[in-house]
Amino acid sequence: MFLSGINVYPPDFETITGVVILIILLIASALMSGSEVAYFSLSPADIKKLKASRDKNAQTVLKLYNMPERLLSTILVANNTVNIAVVIISAFISTRLFDFSNSPVLGFIIQVLVITFLLLFFGEIMPKIYASKYVLKTALFMSGPLLLLQKLFKPVTSLLILSSSFFRRRTIHSHKNLSMNDLSDALELTTEDFHEDEKILKGIVKFGNINVSAIMCPRVDVLAIDIKSGFCQVINKIIDSGFSRIPVYSGSFDDVKGILYAKDVLPYSSNPDSFKWQALIRPPYFVPETKKINDLLKEFQIKKMHMAIVIDEYGGTSGIVTLEDILEEIVGEIGDEGDDEQTLFRKIDEKTYIFEGKVLLNDFCRIFNIEGDRFEEIRGESETLAGLILEVTGEIPQNGRKITINEFTFIIESADKRRIREIRVIKDTHYVKDPEV
């Protein structure tokens, strides 16, 4: 038979035998590919099930799983051996069925396309899709064959493991260059596995990139005591506030003289108003706004301190930062029985919230479970939600004004001539971020 310059021959016994062998080899290739996905996709829950099972196959799976390098080498050697055999058998079958002497280029292209399709579709794509859906089932089914192949290919796999160990030792220094951004990207791929623990891991990864100014309590919200205050007034402030440490200033908050500890004062609570409580003040610890909180945490540990006064570039006081503020960046909000139950926001419905203007942008992003750098390009030097609005508008907006940023619509609920007090936030749940942005 002659077809478009290609002679086609009827199949004989040898050709049919080759086709049967080819089918068997493709099945073997599929099993190897599926095994690779299955064994390296076993979850902690799957491992727990296997350990609890007394089934022989389950114990074999654990044995193979606990030797990942040897397992992977065995699968790769077996799979590549089978794939080479597939190519050879396919070439044999094609020469028995077709004569490409009149069109060698066309024959070569057809052979390459057919063999590539067979290997990719039946030997890679389909089995890996199946194995990823039925991980444990596939691992158990292939436990016996893989154990046999592991023993069969042990000389070859041992050589491969030895070679890989040599190159790993030579390039071990490259692992030290893993950046925090790499870790952050890796965590993005594990959201389905970590849930709540993922938030803590992300907090640790981003810990070293946060400035003190991003988490501090601003000066307008700081409760402080004038150094000239009477002792009775000091006692009342300590009792009413419930704070264990309060800054003490002279004249204005830009001149902080020290920190007053409640535990130092309360033993003298019965003393008269003329009591010289100023002698109990402890020295303040000053840090710049640009200091990284991971460095500050180390200094807190060394100096056994819990509070620092934050100063700006001109030497003025910006606010205060505490050990609790730093720890909350890792583990989230830490509440106790002495905290005021009033929060910095109110949830109206699934899409609408009302925030106080002083809420930190870091906290805002955490509440909506979005990346902390979402507003990085427009936030400038602002650290609060009100500061972000001021950065965008360039002025204190009037009540009712709407500002849209990304998926959020901000409506000014309450503002005066000096500050933005409350902001209504409406989130567009159908918003899709431009991938080019």
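We did not get these values from a lab; they are worked out from the coordinates using the rules stated. This is a predicted model, so every value here is computed, not measured. No Cβ is skipped: glycine too gets one built from the backbone with ideal geometry, and neighbour counts run over all protein chains shown.
In debye to the nearest 20, how big a dipole does segment 1-137 give about its Cα centre with +1 on each Lys and Arg Cβ and -1 on each Asp and Glu Cβ?
Details: 11 positive and 8 negative charges, 190 e Å.
Magnitude of the dipole: close to 920 debye.
Cut-off under 24 Å on the C-alpha distance; same-chain residues fewer than 8 positions from residue 51 excluded. Which lysines are left, in chain and number order?
63, 133, 137, 151
Where the centre of each part is set by its Cα atoms, how far does segment 111-163 sit from segment 371-414, in angstrom?
Cα centroid to Cα centroid, the span is 54 Å.
Run through all the Cα pairs of segment 81-148 and give the fraction in each 10 Å bin from 0, expressed as whole percent.
Calculated P(r), rounded to whole percents: 17, 36, 26, 15, 6, 0.
Can you check what the net charge comes to around residue 126, using other residues whose Cβ is under 15 Å from the Cβ of residue 126 (Lys, Arg +1; Asp, Glu -1)?
Values: positive: 128, 133; negative: 36, 124.
That works out to 0.
Are any of the pairs 358/427; 48/298; 263/298 more than 28 Å apart by Cα-Cα distance, and if so, which?
On the way: 358/427 19 Å; 48/298 38 Å; 263/298 24 Å.
Correct reply: 48/298.
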